[in-house]
Amino acid sequence: MSNSEILVKELADKYGRNRESLMPILQDVIEVRRYVTDEVLVSVAKELDLSAAEVFGTASFYSFIDTKEVGKYVIRLCKTIVCDMKGKDAIIGALESTLRIKVGQTTPDKKFTLFTTNCLGWCHKGPAMLINDEVYTELTPGKAIEIIENYMHK
């Protein structure tokens, strides 16, 4: 048995082997590994007796379930119209310049990955970004750079 199969079996033992267990299992895999591989998705499909298409479709639908390797710190900047009107593009520019990567990329040292994502639920305090599980609101380019620089020293 591979490590992925063992992890999925343990999570299925914890959450059950029905359709409702799919999201909790995927979320725990993300917690442990930061992203889900094709091997993990196939193991989940087998363990829950679901089609691979259903499991892959679920994983690819949710922007917080990464299916490619990501950095230690995943930055998700809200791209809704509200955040756009409040200066999202300038913040993206500042982040790309500071990190020396483009949206969708990971830094060579695997420390940061930069994404845009649909609504984070903080439109009233936009622009907003999420770094792993930490929310940052009312951003300016300078504030975003300051936040990233703090993570660089962690």
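The values are calculated or read from the model by the stated rules, or taken from the named source; none is laboratory data. As the structure is a computational prediction, the values presented were derived from the model and not from experiment. In this analysis, Cβ positions are derived from the backbone assuming ideal geometry, glycine residues included, and neighbour counts consider all displayed protein chains.
Among the residues of the range 100-142, count how many are of a type in the set (Lys, Arg) and either crowded, with 18+ Cβ neighbours inside 10 Å or in contact with a strand residue (DSSP E or B) (Cβ under 8 Å, 6 or more places away or on another chain) (or both).
Residues of the range 100-142 of a type in the set (Lys, Arg): 100, 102, 110-111, 125.
Checking which are either crowded, with 18+ Cβ neighbours inside 10 Å or in contact with a strand residue (DSSP E or B) (Cβ under 8 Å, 6 or more places away or on another chain) (or both) leaves us with 102, 111.
Looking only at that region, the number is 2.
Please determine, by comparing only the residues of the range 143-154 that are among the aliphatic types (A, V, I, L, M) and in contact with a strand residue (DSSP E or B) (Cβ under 9 Å, 6 or more places away or on another chain), which one is nearest to Lys86 (Cα to Cα).
Ala144
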Within the range 21-34, can one find any residue that is under 19 Å from the mean Cα position of the chain (by Cα) and either assigned to a loop (DSSP other than H, G, I, E, B) or in the same structural domain as Glu146 (by TED's automatic domain parsing) (or both)?
yes
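Of the residues Ser51, Ser21, Ser43, which single one is farther than 25 Å from Ile131 by Cβ and in contact with a Ser or Thr (Cβ under 8 Å, 6 or more places away or on another chain)?
Details: Ser51 fails: in contact with a Ser or Thr (Cβ under 8 Å, 6 or more places away or on another chain); Ser21 fails: in contact with a Ser or Thr (Cβ under 8 Å, 6 or more places away or on another chain).
Exactly one of Ser51, Ser21, Ser43 is farther than 25 Å from Ile131 by Cβ and in contact with a Ser or Thr (Cβ under 8 Å, 6 or more places away or on another chain), namely Ser43.
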Residue satisfying condition, being without any contact (Cβ under 8 Å) to a residue 60 or more places away in the chain, closer than 23 Å to Leu120 by Cβ and not β-branched (Val, Ile, Thr), within set Asp28, Asp38
Asp28
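Can you pull out the strands (runs of 3 or more DSSP E) entirely within the range 53-142 that have at least 3 residues that are within 17 Å of the chain's Cα centre (by Cα) and not charged (D, E, K, R)?
Where strands (runs of 3 or more DSSP E) fall fully within the range 53-142 and carry at least 3 residues being within 17 Å of the chain's Cα centre (by Cα) and not charged (D, E, K, R), they are 73-78, 112-117, 129-131.
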Filter the range 1-30 down to the residues that are over 22 Å from Phe64 (Cα atoms) and touching a Pro at 6+ places or on another chain (Cβ under 6 Å) and list them by number.
none
